[in-house]
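To start, the structure under review is shown below, and the notes come after it.
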Amino acid sequence: MPVENVPLAEVPMLHLAGVRKGFRTPDGSERTVLEGVDFRLAEGEIVSLLGRSGSGKSTLLRIMAGLVRPDGGELFYRGAPIRGPVRGISMVFQSFALFPWLTVQGNVELGLEALGMRRAEREQKAAAAIEMIGLDGFEGAYPKELSGGMRQRVGFARALVMDPDVLLMDEAFSALDVLTAETLRSDLLELWEEKRIATRGILVVSHNIEEAVVMADRVLVFSSDPGRVRAEIPVGLEHPRDPDAPAFRQIVDEVYGLMTTSARAVGGAVEPLGIGYRLPDTPSSRMVELLETVADRPFEGRADLPALAEETELSDDALFHLFEGLKVLGFARIAAGDFFLTRAGFALVEAEPAQRKRIFAEHLLRSIPLAAHIRRVLDERRDHRAPEDRFLQELQDYLTADESQRVLETIIGWGRYAEIFDYDYNSGMLMIPEEEEPQPLADGPPAEAHG
Amino acid sequence: MGGRPDGVDTRGGATYEWAVELLLPAPGRRRQCRQILPGGPASASGNVAMWLRDPVIGTARSFRPNIWDLALLPPAFALIALLAWAGTQMHVPYDIGAPIPLSLDPSHLPEYLLRSALRMLVALLLSLAFTLSYAPLAAKVPALGRVMIPFLDILQSIPILGFLSITVTGFIALFPGNLLGVECAAIFAVFTSQAWNMAFSLYASLRTVPSDLREAAAMFHLSGWSRFWRLELPFAAPNLIWNMMMSVSGGWFFVVASEAISVSGQTIMLPGIGSYIALAIQQRDMVAIGWAILAVFIAILIYDQLFFRPLVAWAEKFKSDPGDEAPNSWVLTLMQRARLARAVAATCSALWGWLTDRLRRPWQRPSGLARRYRWPRMPSWGRALWNTGLMIGLLVAVPAFGALIQTEIGIAEVGRVLIYGCATALRVVVLILLASLVWVPIGVWIGLRPKLTQQVQPVAQFLAAFPANLLFPVVVVLIVTFDLNVDVWTSPLMVLGTQWYILFNVIAGASSLPSDLRDAAGNLGVRGLLRWRRFILPGIFPAYLTGAITASGGSWNASIVAEMVSWGKTTLVATGLGAYIAQATAAGDFPRVALGIAVMCLFVMLFNRFVWRRLYDVAAERLNAG
């Protein structure tokens, strides 16, 4: 517990110590999403929380907002324990979360109304917030009449009209196009820099590295399984920041490097993957396409990560899943912020389509225990068929129901590409492909090769 | 209840099941909803669209009456005066057995019509009150929901006229010597045709309020009370209003059936359109029946224009994404343009805000850091106790019911009733199949022609609302005249009113077939039978299913009035469960009424579980692209 007589300025605005959150699997056992999370948000600070999708960072944000109760640990807002939504904390949502039946004015006024503020007063406050965020003229419009960028402006006005002490942003820009996101972001930073808003601390949850570095004074890298803060990178640059400046690029490179080295590798010895390994969410076709891109000019087998992000136009989150997939399959590795093709990666790119599938299958069975497990079960059964539910249940010992479904869908996609197993959507059965003949030494069957 | 909050298994079949609308995936549903509106997707002119977007409840700057007010005032006052007069007529002394003076003179029809309409209005208000208390309780208290939702499912499977048979004597006893008891029984029957699916609709909506809106409400410290009025109810409004309107459409059938009640050998006739028909049947007056049909036709038209369409058009504002074609209503436009009407709306809105504000205060917890956010949770021992209680209740109830049947009726008759049930089930299945064979091709043919769709859709909608029991005498006369087989030829009566649900849903489905798929099929040269098998039938299947489920539920209900029909002194009785219930009701034999209703309930539930639920799963799983 923080001591009461500590001067106010030294008490962090938000303080989390050893926060833990788990979920209950269908069989009643607990799986941990967040483990031992420590966090401080000091007065006058913008902090970014970066992590892959599903790493629990949104859950952490909701814990801070008082929307979700943690299973362990302590959390304080200005020295007082958080037990529910707190007056001084506002949140901006990825999906905007606007009430469709309320006008812009009605949405902005809602929080003031809940406080019991008189009509005249709240109309005045709302008008000020609407003007500040650049929505004047749209007071009477319904959210459905607005573009995405304007809707999120309403989201900001609605949060800022409460004069929040702390502003939480949950991927607030990720549903917007690049240009709109940039405008809105710099508008917000301007208000912050000029101290035109009462907010004294901002927490930005994001999976966009550049966005995090543009906004934050500190970037926290969040690891998954279980989620915890893994690294912290201070950003000592003046606002407004120039994304093309060398100092900026250097930090971005550093963050990319940190995000792509898995927590597993940091400890030194690489822990073997288990059946419950959370497969990266990336289709096999995309992995092959990336290998082809990197093998080709101008990369010739080695690519700078931010350059690759620009070339592929994929979101950072999609890229990380892609990298991880290629890495665990042994087709690529990442070192010093660069992406390299391994020998197997080159071999795959150069092979004929049928040969490609064989290489992919070989790596898949060797590196991913789940793939090997499914194939083994199918081999052992007399009719070479097994219901998906069987594997889904096994996965649910390790993952949430939704994640299990997602992982199974991913492995089915990979397995289909590798032709090591097939799946019937209607019956929900996994099976060994019928036309398969075990002849590993023969050259690729021509009929399939050009199909 | 199992883990499905949308609860496909919670739907019964006996009422017009608009709850099913909710269960369809959202995009398809939205499209469908719009297209089965009466009047079809009217193309709003820019001006009208602008007015529609303008909220009804808005601040009107100038309260000076304008020309629109003049147009609106006389009908508004007339309506209020009429309703007040009809209300006083309900409360009159009455003794069982005493005939209520009724006349077949068409000049009395407006009065009868008004009294029938008033019964429906009262039933609708009761249904709304029931919905607003039952659904939130079931949705918010999981322990109660576990019991309340299956219970609602059972209620929904009980034939509506069965409720009437069971409750009428009780209501009469409640108000001895006053007509109010019989009034209440009729109103209750209409209530049962409306309440269940409205409650299901609200329950389903409450369970699917988007989590981001929920979180936003929590972040802004809305108390539970204001969360309900500000978030949950508005979110549920479009579906609830839609269900309400469909319920009322179905209600015409039951108001006609419930006004002339045969109970314990007595026939009680309440002044109303249903009794008028019953009297016309007794006196074999074909001309009077013609008048009645015309009167109901006009009544439904008025109700549709003045009530249904303005409400549905207004509910559009609660939807989160703009519709392609907003439904259009001239009455709503009128109300939104009339200054006085807008002033009234603004006053109501202010009053409403003040009320919810005042009411909220006492319950609002003190704000501040120490305030606890409520996570609804029940201690595990509490849950165990609750579940054990439920089990014991079941273990006691089942043998008790068995013993009652044993002593009052005997097991042999139970077997016979089951066979009657099979006969009625056979009729339902065969007739739904026949109706599908007729209406699916016609519906597709219409649905693929947008202009025709706009003209036909309101007609089909209207036919579905039209109480088919008005037409029964016509069919009975034919059967008697040509001496036809009663078991076969009374069957079509069961689908007479419900087949239109198949038609207008198929039209809606066909007209929303994606045009790019149509083009692709044409481009690939897919024609004839292949086109039907690969493109049209899979494409309209979800919509067809909605229609067929509704039609089947309605047919079970209709069997009670369709399997036993009369014309003057002639009464035709078919072999079936509906006739069994109707006869037992007329004889006042309550154990047999209960048995018949329980068996029908059982059949409907089995049908839902083993036929409709499975087909629904097929539709949801395989025929929806991503």
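The values are calculated or read from the model by the stated rules, or taken from the named source; none is laboratory data. Because the structure is a prediction, the values reported are computed rather than measured. Glycine gets a Cβ as well: all are built from the backbone with ideal geometry, and neighbour counts include every protein chain shown. Note: accessible area is taken over every heavy atom of the protein model, side chains too, but ligands, DNA and RNA are not part of it. Shrake-Rupley method; radii C 1.70, N 1.55, O 1.52, S 1.80 Å.
Of the residues that sit in region A:134-157 and are aromatic (Phe, Trp, Tyr) and not in a helix (DSSP H, G or I), which one is nearest to the other protein chains (Cβ to nearest Cβ)?
Here is the first cut: in region A:134-157, the ones aromatic (Phe, Trp, Tyr) are A:138, A:142, A:156.
Still in the running and not in a helix (DSSP H, G or I): A:138, A:142.
Working: A:Phe138: 13, A:Tyr142: 7 Å.
That would be A:Tyr142.
Return the total of residues in region A:196-210 being farther than 17 Å from A:Pro164 by Cα and more than 13 Å from the chain's Cα centre (by Cα).
1
So how many residues does region B:182-222 have that are over 24 Å from the mean Cα position of the chain (by Cα) and of a type outside the set (A, V, I, L, M, F, W, C)? Steps first, please.
We begin by selecting, within region B:182-222, every residue over 24 Å from the mean Cα position of the chain (by Cα); these are B:210-222.
Next cut, of a type outside the set (A, V, I, L, M, F, W, C) only: B:210-212, B:214-215, B:221.
Count: 6.
Taking the options A:Leu191, A:Leu220, A:Leu184, name whichever one is part of a strand (DSSP E or B) and at pLDDT 90 or above. If you could, list the steps in order and put the result at the bottom.
Details: A:Leu191 fails: part of a strand (DSSP E or B); A:Leu184 fails: part of a strand (DSSP E or B).
Result: A:Leu220 is the single residue among A:Leu191, A:Leu220, A:Leu184 that is part of a strand (DSSP E or B) and at pLDDT 90 or above.
From the list B:Thr585, B:Thr550, which one is polar (S, T, N, Q), assigned to a helix (DSSP H, G or I), under 23 Å from B:Ile411 (Cβ atoms) and touching a residue at least 40 places away in the same chain (Cβ under 8 Å)?
Details: B:Thr550 fails: under 23 Å from B:Ile411 (Cβ atoms).
Exactly one of B:Thr585, B:Thr550 is polar (S, T, N, Q), assigned to a helix (DSSP H, G or I), under 23 Å from B:Ile411 (Cβ atoms) and touching a residue at least 40 places away in the same chain (Cβ under 8 Å), namely B:Thr585.
Open to solvent by less than 70 Å² (accessible area, probe 1.4 Å) and at pLDDT 90 or above: is that true of A:Leu399 in this structure?
Numbers: open to solvent by less than 70 Å² (accessible area, probe 1.4 Å): yes; at pLDDT 90 or above: no.
No, not satisfied.
Can you find, within region B:433-453, the residue that is surrounded by the fewest Cβ atoms within 10 Å (Cβ to Cβ) among those that are modelled with pLDDT under 90 and touching a helix residue (DSSP H, G or I) at 6+ places or on another chain (Cβ under 9 Å)?
B:Pro450
Answer with yes or no whether A:Asp136 is assigned by TED's automatic domain parsing to the domain that holds A:Arg62 and surrounded by fewer than 20 Cβ atoms within 10 Å (Cβ to Cβ). Give the derivation first.
Values: assigned by TED's automatic domain parsing to the domain that holds A:Arg62: yes; surrounded by fewer than 20 Cβ atoms within 10 Å (Cβ to Cβ): yes.
Criteria met by A:Asp136.
Just to be sure I understand, how many residues within region A:85-111 are facing chain B (nearest Cβ under 7 Å), crowded, with 20+ Cβ neighbours inside 10 Å and either among the aliphatic types (A, V, I, L, M) or assigned to a loop (DSSP other than H, G, I, E, B) (or both)? Steps first, please.
Our first condition is that a residue be facing chain B (nearest Cβ under 7 Å); within region A:85-111, this holds for A:85-87, A:90-91, A:93, A:95, A:97, A:99-101, A:110-111.
If we keep only those that are crowded, with 20+ Cβ neighbours inside 10 Å too, we end up with A:85-86, A:90-91, A:93, A:97, A:99, A:101, A:110-111.
Subset that is either among the aliphatic types (A, V, I, L, M) or assigned to a loop (DSSP other than H, G, I, E, B) (or both): A:85-86, A:91, A:93, A:97, A:99, A:101, A:110.
Final tally of qualifying residues: 8.
Quick check on my filter: what residues within region A:354-379 are small (Gly, Ala, Ser) and surrounded by 16 or more Cβ atoms within 10 Å (Cβ to Cβ)?
The initial filter retains those residues of region A:354-379 that are small (Gly, Ala, Ser), namely A:354, A:361, A:367, A:371-372.
Scanning region A:354-379 gives A:Ala354, A:Ala361, A:Ser367, A:Ala371.
Looking at (1) in contact with a helix residue (DSSP H, G or I) (Cβ under 8 Å, 6 or more places away or on another chain); (2) charged (D, E, K, R); (3) facing another protein chain (nearest Cβ under 8 Å), find the lone condition where A:Arg78 falls short.
(3)
What are the pairs with Cβ atoms under 7 angstrom where one residue, in region A:175-199, is without any contact (Cβ under 8 Å) to a residue 12 or more places away in the chain and the other, located anywhere, is of a type in the set (S, T, N, Q)? Sequence gap at least six, or different chains.
So the pair list comes out empty.
Could you look through region B:546-585, keep only residues that are within 17 Å of the chain's Cα centre (by Cα) and of a type outside the set (Gly, Ala, Ser), and pick out the one that is surrounded by the most Cβ atoms within 10 Å (Cβ to Cβ)?
First, pick out the residues of region B:546-585 that are within 17 Å of the chain's Cα centre (by Cα): B:546-558.
From what's left, of a type outside the set (Gly, Ala, Ser): B:546, B:549-550, B:556-557.
Working: B:Thr546: 28, B:Ile549: 28, B:Thr550: 26, B:Trp556: 28, B:Asn557: 30.
Of everything passing the filter in region B:546-585, B:Asn557 is surrounded by the most Cβ atoms within 10 Å (Cβ to Cβ).
Yes or no: A:Gly116 within 11 Å of another protein chain (Cβ to nearest Cβ) and either farther than 22 Å from B:Lys317 by Cβ or in contact with a strand residue (DSSP E or B) (Cβ under 8 Å, 6 or more places away or on another chain) (or both)? Give the derivation first.
Values: within 11 Å of another protein chain (Cβ to nearest Cβ): yes; either farther than 22 Å from B:Lys317 by Cβ or in contact with a strand residue (DSSP E or B) (Cβ under 8 Å, 6 or more places away or on another chain) (or both): yes.
Taking the combined requirement at face value, the residue satisfies it.
Conditions (1) open to solvent by 20 Å² or more (accessible area, probe 1.4 Å); (2) more than 13 Å from chain A (Cβ to nearest Cβ); (3) out of contact with any helix residue (DSSP H, G or I) (no Cβ under 6 Å at 6 or more places or on another chain), marked per residue:
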position: B:Ala186; (1), (2), (3): no, yes, no
position: B:Ser193; (1), (2), (3): no, yes, no
position: B:Trp196; (1), (2), (3): no, yes, no
position: B:Leu202; (1), (2), (3): no, yes, no
position: B:Ala216; (1), (2), (3): no, no, yes
position: B:Met219; (1), (2), (3): no, no, yes
position: B:Arg230; (1), (2), (3): yes, no, yes
position: B:Leu233; (1), (2), (3): yes, no, yes
position: B:Ala237; (1), (2), (3): no, no, no
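In region A:30-44, is there at least one residue being of a type outside the set (Gly, Ala, Ser), touching a residue at least 24 places away in the same chain (Cβ under 8 Å) and at the interface with chain B (Cβ under 8 Å from one of its Cβ atoms)?
Checking region A:30-44: not a single residue is of a type outside the set (Gly, Ala, Ser), touching a residue at least 24 places away in the same chain (Cβ under 8 Å) and at the interface with chain B (Cβ under 8 Å from one of its Cβ atoms).
Within region B:462-505, how many residues are of a type in the set (Phe, Trp, Tyr) and free of Cβ contacts under 8 Å to residues at least 40 places away in the same chain? Step through it out loud before you land on a result.
Taking region B:462-505 first, the residues of a type in the set (Phe, Trp, Tyr) are B:462, B:466, B:472, B:482, B:489, B:500-501, B:504.
Right, trim to free of Cβ contacts under 8 Å to residues at least 40 places away in the same chain and you get B:482, B:489.
Within region B:462-505, residues that are of a type in the set (Phe, Trp, Tyr) and free of Cβ contacts under 8 Å to residues at least 40 places away in the same chain number 2.
Could you pull out every one of the helices (runs of 4 or more DSSP H) wholly within region A:327-393 that has 2 or more residues that are under 24 Å from A:Asp281 (Cβ atoms) and of a type in the set (Val, Ile, Thr)? Don't jump to the end; show me each part of the working.
On the way: elements: A:343-350, A:353-367, A:369-380.
Per the criteria, A:369-380.
Within region B:597-612, can one find any residue that is more than 22 Å from B:Val429 (Cα to Cα) and either within 14 Å of chain A (Cβ to nearest Cβ) or open to solvent by 10 Å² or more (accessible area, probe 1.4 Å) (or both)?
Keep residues of region B:597-612 that are more than 22 Å from B:Val429 (Cα to Cα), which gives none.
No, every residue in region B:597-612 fails to be more than 22 Å from B:Val429 (Cα to Cα) and either within 14 Å of chain A (Cβ to nearest Cβ) or open to solvent by 10 Å² or more (accessible area, probe 1.4 Å) (or both).
Just to be sure, is B:Met246 under 22 Å from B:Ile149 (Cα atoms), open to solvent by less than 20 Å² (accessible area, probe 1.4 Å) and modelled with pLDDT under 85? Show your work before the answer.
Numbers: under 22 Å from B:Ile149 (Cα atoms): yes; open to solvent by less than 20 Å² (accessible area, probe 1.4 Å): yes; modelled with pLDDT under 85: yes.
Answer is yes for this residue.
Do we find a residue being over 21 Å from the mean Cα position of the chain (by Cα), open to solvent by 20 Å² or more (accessible area, probe 1.4 Å) and polar (S, T, N, Q) anywhere in region B:132-147?
no
State which residue is modelled with the lowest pLDDT when the search covers only region B:190-231 and only residues that are among the charged types (D, E, K, R) and in contact with a Lys or Arg (Cβ under 9 Å, 6 or more places away or on another chain).
B:Arg227
Can you tell me which residue is nearest to the chain's Cα centre (by Cα) among those in region A:274-293 that are aliphatic (A, V, I, L, M) and over 8 Å from A:Gly325 (Cβ atoms)?
Ranking the qualifying residues of region A:274-293, first place goes to A:Leu290.
Which condition number in (1) open to solvent by 20 Å² or more (accessible area, probe 1.4 Å); (2) in a helix (DSSP H, G or I) is the one that A:Leu319 fails?
The single condition A:Leu319 does not satisfy is (1).
Let me spell it out: the conditions are (1) over 25 Å from A:Thr183 (Cβ atoms); (2) within 13 Å of chain B (Cβ to nearest Cβ), and A:Gln124 meets all of them except one. Which number is the exception?
Checking A:Gln124 against (1) over 25 Å from A:Thr183 (Cβ atoms); (2) within 13 Å of chain B (Cβ to nearest Cβ), the one that fails is (2).
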